[in-house]
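Asks: Sending over a structure as structure tokens; questions will come in a sec.
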Amino acid sequence: MSITALIEEAKQAYTVARLDCGDALLPPANEAAVTAIGVVLAYPVPGELREVYRVHGGQQSVCSIPNQFFHQHLTNGDIGYQS
């Protein structure tokens, strides 16, 4: 499954769960912006992360409550994942 499809699937699951996490997602980042991130970090942005930025260029923080799509708010136990 592509990263684009995975993000879309996750957004649909969040909507079903009545989470408004997608409300503040930014539009896709352009290649120059992603390259600039790598320059600032002095590390090239990996291809998989570039693909994420092609879908959404990040997320505007709308509040301090951790209900945002790109914010860690569930533990592995919360989602039933066992390592």
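The values are calculated or read from the model by the stated rules, or taken from the named source; none is laboratory data. The structure displayed is predicted, hence computed values, not measured ones. Note that we place each Cβ from the backbone using ideal geometry, even for glycine, and neighbour counts take in every protein chain shown.
Asks: Within the stretch 12-36, work out how many residues are part of a helix (DSSP H, G or I) and either closer than 11 Å to Gln59 by Cα or modelled with pLDDT of 90 or more (or both).
Replies: 10
Asks: Taking the condition surrounded by fewer than 16 Cβ atoms within 10 Å (Cβ to Cβ), under 14 Å from the mean Cα position of the chain (by Cα) and either modelled with pLDDT of 90 or more or of a type in the set (Phe, Trp, Tyr) (or both), does Leu49 pass?
Replies: Answer is yes for this residue.
Asks: Can you pull out every residue in the stretch 37-54 that is of a type in the set (A, V, I, L, M) and part of a loop (DSSP other than H, G, I, E, B)?
Replies: Filtering the stretch 37-54 for residues of a type in the set (A, V, I, L, M) gives 37, 39-42, 45, 49, 52.
Listed by number, the residues that qualify are Ala42, Val45.
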